[in-house]
Amino acid sequence: MSTDNQAMNIALLGEDVLRQTAQAVEDFSDAGLAAFIAKLKQAMLAAGGIGIAAPQVFDPRAVMIIASKANERYPDAPDMLPVVMINPTIISCSPEMEKGWEGCLSVPKLRGLVPRHRQVTFSYQDEQGTEHCLTWQGFLARIFQHEYDHLTGKVWLDRVESMADVIAEEVYFSRLQANR
């Protein structure tokens, strides 16, 4: 982990931490947890992300943040306040799947057409350890599943059905602009 004065480095595809299962957080009274979450959120925003998981910054804890907001990387993302999720668990997923384009801070310069469940119901604990349960659908369900994968040692490349569904991010954005 980085010191308080350093920016967090993003783990890149091929680094071992991205293939490991995250460890549950058990001590919610640890003062370092809140400081880590603040830095994790800062790292996500600085990189233009709409979600991030602790393993992406070389931290083994089961912590993720989802903060959908339209930005340069995701111009059509819905706006929401950041949600910090600790020890998330999937309760159920809809049988309906849909493919959608995804990118990842840990897999730079690539986008992939990834199949995901259209709806997901999950539980998580907040920064105080209080349990919550939510059901999300569409783009927010996609972000949740993407970040949850990071806690189970997966990246979106593990989910694409064909390498024909993977393109350079530069091509993705040029196509996006052409279709506007």
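Taken over the stretch 129-150, the residue count meeting the criterion of being farther than 19 Å from residue 50 by Cβ and touching a helix residue (DSSP H, G or I) at 6+ places or on another chain (Cβ under 8 Å) is 0.
Among the residues of the stretch 146-180, which ones are assigned to a loop (DSSP other than H, G, I, E, B) and open to solvent by 80 Å² or more (accessible area, probe 1.4 Å)?
First, pick out the residues of the stretch 146-180 that are assigned to a loop (DSSP other than H, G, I, E, B): 152-155, 159-162, 179-180.
Selection gives 159, 161, 179, 180.
Of all residues in the stretch 136-145, those satisfying the criterion of being open to solvent by 30 Å² or more (accessible area, probe 1.4 Å) and either part of a helix (DSSP H, G or I) or basic (Lys, Arg) (or both) are 139, 140.
Among the residues of the stretch 86-105, those identified as within 15 Å of the chain's Cα centre (by Cα) and either without any contact (Cβ under 8 Å) to a residue 40 or more places away in the chain or at positive phi (or both) are 87, 89. Tallying residues that are in contact (Cβ under 8 Å) with a residue 24 or more places away in the chain and in a loop (DSSP other than H, G, I, E, B) within the stretch 16-40 yields 6.
Condition check ((1) modelled with pLDDT under 95; (2) open to solvent by 30 Å² or more (accessible area, probe 1.4 Å)) across all residues:
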| residue | (1), (2) |
| --- | --- |
| 51 | no, no |
| 66 | no, no |
| 73 | yes, yes |
| 79 | yes, yes |
| 99 | no, yes |
| 110 | no, yes |
| 134 | no, yes |
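The lone criterion from (1) farther than 22 Å from residue 140 by Cα; (2) out of contact with any strand residue (DSSP E or B) (no Cβ under 8 Å at 6 or more places or on another chain); (3) small (Gly, Ala, Ser) left unmet by residue 24 is number (2).
If I ask for residues that are over 12 Å from the mean Cα position of the chain (by Cα) and touching a residue at least 12 places away in the same chain (Cβ under 8 Å), which ones from the stretch 63-75 would you list?
Our first condition is that a residue be over 12 Å from the mean Cα position of the chain (by Cα); within the stretch 63-75, this holds for 69-75.
Scanning the stretch 63-75 gives 69, 71, 72, 73, 74, 75.
The values are calculated or read from the model by the stated rules, or taken from the named source; none is laboratory data. Owing to the predicted nature of the structure, the values given are computational and were not obtained by experimental measurement. Here the Cβ is made from the backbone with ideal geometry for all residues, glycine too, and neighbour counts use every protein chain on show. Heads up: the accessible areas ignore ligands, DNA and RNA and are worked out on the full protein's heavy atoms, side chains in. Shrake-Rupley method; radii C 1.70, N 1.55, O 1.52, S 1.80 Å.
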